[in-house]
Amino acid sequence: SMYCLTRAPSSPPTRRPLYRAPGGPSFRRWLYAWCRALASEATGPDAPVFAVCAAGIFKHDTRVMLFLLPRMVLDALAARDAARVRHVREEIVAVLLDAAGAEKPTEGPDATAALPTSHRLGGGFGIPPNAGASSEQAELAAQAVFTLLDQLAAWKEDVANGASNGASGNAPPASREDEETLASLREIMRAVPRELL
């Protein structure tokens with residue numbers, strides 16, 4: 001095997017969001033910390049797989065972390081634990097705010113006040129020119145979050161298509177668990193300021 005587990009992983013940090021910008025850890029360290037935190041909290045049927053990956057594979061393989069990230073986020077949403085859903089939302093918003101050049105996370109109607117003028121006026125996604133060395137981290141983290149959101153949207157579509165096919169008798173309708181996970185996903189998507197997407 002390519003990997004050998006020699007010891008149990010240490011506990012991940014509990015302070016959230018794990019993404020701290022600017023000048024925080026590298027993209028890889030942030031992703032590793034987030035994946036370890038998600039894996040340690042996992043309760044679904046894939047939790048043993050996540051635990052094994054957190055114990056050794058995540059440390060050496062970014063591709064595996066990126067591959068499992070959507071599954072671990074879905075596990076967090078399916079757990080129906082308000083704290084886990086909040087942690088996912090905070091992590092996504094922290095990354096997107098940093099990528100947009102915002103000073104600090106804000107919510108509600110004044111959320112756009114923290115965004116640079118170009119973003120408030122509908123300017124394109126970009127890294128501010130004064131971002132310095134953290135711009136690469138912000139860009140990589142934003143790419144990972146946008147990929148995650150795309151994959152979650154595809155899952156949402158699959159569940160919706162399954163439910164509509166189930167209504168016509170072609171496939172079983174969406175399970176109650178899927179419906180509850182969809183509700184958590186919608187809550188996260190509503191919490192992300194549109195200016196950041």
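No lab work stands behind these numbers, since they all come straight from the coordinates. Remember, it's a predicted structure, so these values are computed and weren't measured experimentally. No Cβ is skipped: glycine too gets one built from the backbone with ideal geometry, and neighbour counts run over all protein chains shown.
Using a Förster distance of 25 Å, how high is the FRET efficiency between SER40 and GLU157, based on the Cβ-Cβ distance and rounded to 0.05?
0.25
I'd like to compare 61-71, 87-97: which one has the highest average count of other Cβ atoms within 10 Å, and what's the full order after that?
Result, highest mean Cβ count within 10 Å first: 87-97, 61-71.
Given R₀ = 22 Å, FRET efficiency for THR147-ARG15 by Cβ-Cβ distance, to 0.05?
E between THR147 and ARG15, to the nearest 0.05, is 0.30.
Using R₀ = 25 Å, calculate the FRET efficiency as 1/(1 + (r/R₀)^6) where r is the Cβ-Cβ separation of GLU179 and VAL52; round to 0.05.
Between GLU179 and VAL52 the formula returns 0.25.
So, by mean Cβ neighbours within 10 angstrom, what's the order for 27-40, 73-86 with the highest one leading?
Highest mean packing first, the order is 27-40, 73-86.
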